[in-house]
Amino acid sequence: MPNRGEVWLVDLGMAEKVRPALIINVPFADSDRALYTVVPRTTALRGSRFEIAVEVPSLKPGAFLVQNPVTIPPPRLVRMLGKLTEMQMAAVEAGIKDWFGLK
């Protein structure tokens with residue numbers, strides 16, 4: 001089962017394609033819907049404050065685009081690619097809070 005803070009290769013559909021994404025949801029219980037919310041990683045950087053650049057071994061330089069969280073069912077998760085450190089995850093969480101105005 002994927003866990004918060006892990007980077008997975010995710011099938012985001014035809015428009016978004018298959019790309020790395022960060023799992024950001026908390027674990028769900030049996031009574032909850034089996035869904036994962038992810039933040040896609042991009043290498044097409046624009047210099048936005050909502051592009052959170054963190055290094056992930058074996059991935060090209062890029063950033064997690066916190067403006068574009070996506071909720072997907074488990075079959076769209078292809079394979080795990082890595083895991084962020086607590087400091088890296090804190091940076092992404094701060095970006096998410098900023099995007100949603102949750103200071």
Among the residues listed as THR42, THR85, the single one being touching a strand residue (DSSP E or B) at 6+ places or on another chain (Cβ under 8 Å), without any contact (Cβ under 8 Å) to a residue 24 or more places away in the chain and β-branched (Val, Ile, Thr): THR42
Within segment 50-103, considering residues that are assigned to a strand (DSSP E or B) and among the small types (Gly, Ala, Ser), the one farthest from the chain's Cα centre (by Cα): GLY82
Residue that is nearest to the chain's Cα centre (by Cα) [pool: residues in segment 5-47 that are buried (at least 16 other Cβ atoms within 10 Å of the Cβ) and part of a loop (DSSP other than H, G, I, E, B)]: ILE24
Subset of segment 60-81 (residues that are loosely packed, with under 15 Cβ neighbours inside 10 Å and either within 16 Å of TYR36 (Cα to Cα) or in contact with a strand residue (DSSP E or B) (Cβ under 7 Å, 6 or more places away or on another chain) (or both)): THR71, PRO73, PRO74, PRO75, VAL78, ARG79, MET80
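Where a number appears in this text, it was derived from the coordinates with a stated rule and is not lab data. Remember, predicted model here, so these are calculated numbers, not experimental data. For neighbour counting, all protein chains shown are included, and Cβ atoms are generated from backbone atoms with ideal geometry for every residue, glycine included.
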